[in-house]
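Heads up, the thing below is written out as structure tokens.
The values are calculated or read from the model by the stated rules, or taken from the named source; none is laboratory data. None of the values given here were measured: they were computed from a predicted structure. Note that we place each Cβ from the backbone using ideal geometry, even for glycine, and neighbour counts take in every protein chain shown. For the accessible areas, the whole protein counts, side chains as well, though only heavy atoms, and no ligand, DNA or RNA atoms are used. Shrake-Rupley method; radii C 1.70, N 1.55, O 1.52, S 1.80 Å.
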Amino acid sequence: MGKTTKIADCKLIDFPKNHQLNGNLTSITNGIEVPFDINRIYYLYDVPGGNSRGGHAHKDLHQIMVALSGSFTVTLDDGQDKKSFHLYQPYQGLLLPPGLWRDLDTFSSGSICMVLASELYDEEDYFRNYEEFIAWKSSK
Ligand code: TYD
């Protein structure tokens, strides 16, 4: 995976939603909805209007992105095709296998992007240069 990942390998996952009159509750469980072991959780918040995030790809990292609050757009690029997902449901996650360039934008005010990740933070796992990413994707 990684080099050969295609946009079609991404999908939206529905997490269980416990709906009650006094509020909703969603749980996310390793091995049930998440096809990897979660080793790290981070979240983006206080993103100023008009700003974008991402602008990179990962070599080995599996992730799930969740719009815990508000909304934002994730645009994915596998080197051949692009697809945008508008995330706005706190009970839905976007599964991102490694090997995809991603850009995040159109953050609504007060939005929170939570990311469940399979590995600890490692700058060596990043492509931050688009041309290097494309060269890697097209190499045998
Ligand atoms: P980056 O992954 O580029 O964030 P985004 O995709 O939201 O634009 O990370 C931004 C900065 O935060 C970068 O300097 C690395 C640092 N960082 C950590 O220290 N730990 C982490 O777990 C993550 C994801 C990033």
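Annotations for the structure displayed:
- Scanning segment 75-85 turns up at least one residue that is open to solvent by 50 Å² or more (accessible area, probe 1.4 Å) and not in a strand (DSSP E or B).
- Yes/no for residue 17 being surrounded by 13 or more Cβ atoms within 10 Å (Cβ to Cβ) and closer than 23 Å to residue 125 by Cβ: no
- The residues of segment 24-47 that are more than 13 Å from the ligand (Cβ to nearest atom) and over 22 Å from residue 122 (Cβ atoms), listed by number, are 24, 25, 26, 27, 28, 29, 31, 32, 33.
- Residues within segment 93-139 that are away from the ligand (no atom under 14 Å from the Cβ), exposed (fewer than 12 other Cβ atoms within 10 Å of the Cβ) and in contact (Cβ under 8 Å) with a residue 40 or more places away in the chain, tallied: 4
- Of all residues in segment 1-56, those being closer than 24 Å to residue 133 by Cα, charged (D, E, K, R) and more than 14 Å from the chain's Cα centre (by Cα) number 2.
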